Amino acid sequence: MIRQAYTNAQSNVLTWTANGGVLTTPYDEFVSVFVNGQKLTTNDYSVVANSAPGQSTVTINSDIHIDGNNYEI
């Protein structure tokens, strides 16, 4: 299992750089996102694989994001 933490996030856009930016597909089965220790549903975030070299992007639904939240992918 590979994890990346984002403490005190000031944006709902999280940049995944662990594992060379590669997230395992299918995302709804192999990628989990937690906010302050609570698992989000797949409706609460979206994944853009390979958004730039060596990274992917996970965007948290802006309706639930609060600046200062701690996230873990």
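Here are some notes:
- For residue 36 and residue 66, the difference between the fully extended length at 0.36 nm per residue and the C-alpha to C-alpha distance is 9.7 nm.
- Segment 10-50: Rg to Rh, with Rh as the Kirkwood radius over Cα pairs: 0.93
- Base-10 log of normalised Debye intensity for the chain (one unit scatterer per alpha-carbon) at q = 0.11, 0.13, 0.17, 0.27 Å⁻¹: -0.22, -0.32, -0.56, -1.45
- The chain: relative contact order as a whole-number percent, Cα under 8 Å and 6+ apart: 48
- Sulfur and carbon atoms: percent of accessible area, the chain [1.4 Å]: 48
The values are calculated or read from the model by the stated rules, or taken from the named source; none is laboratory data. Because the structure is predicted, anything quoted here is derived from the model rather than measured. Each accessible area value is taken on the protein alone, full model and side chains, heavy atoms only, with ligands, DNA and RNA left out. Shrake-Rupley method; radii C 1.70, N 1.55, O 1.52, S 1.80 Å.
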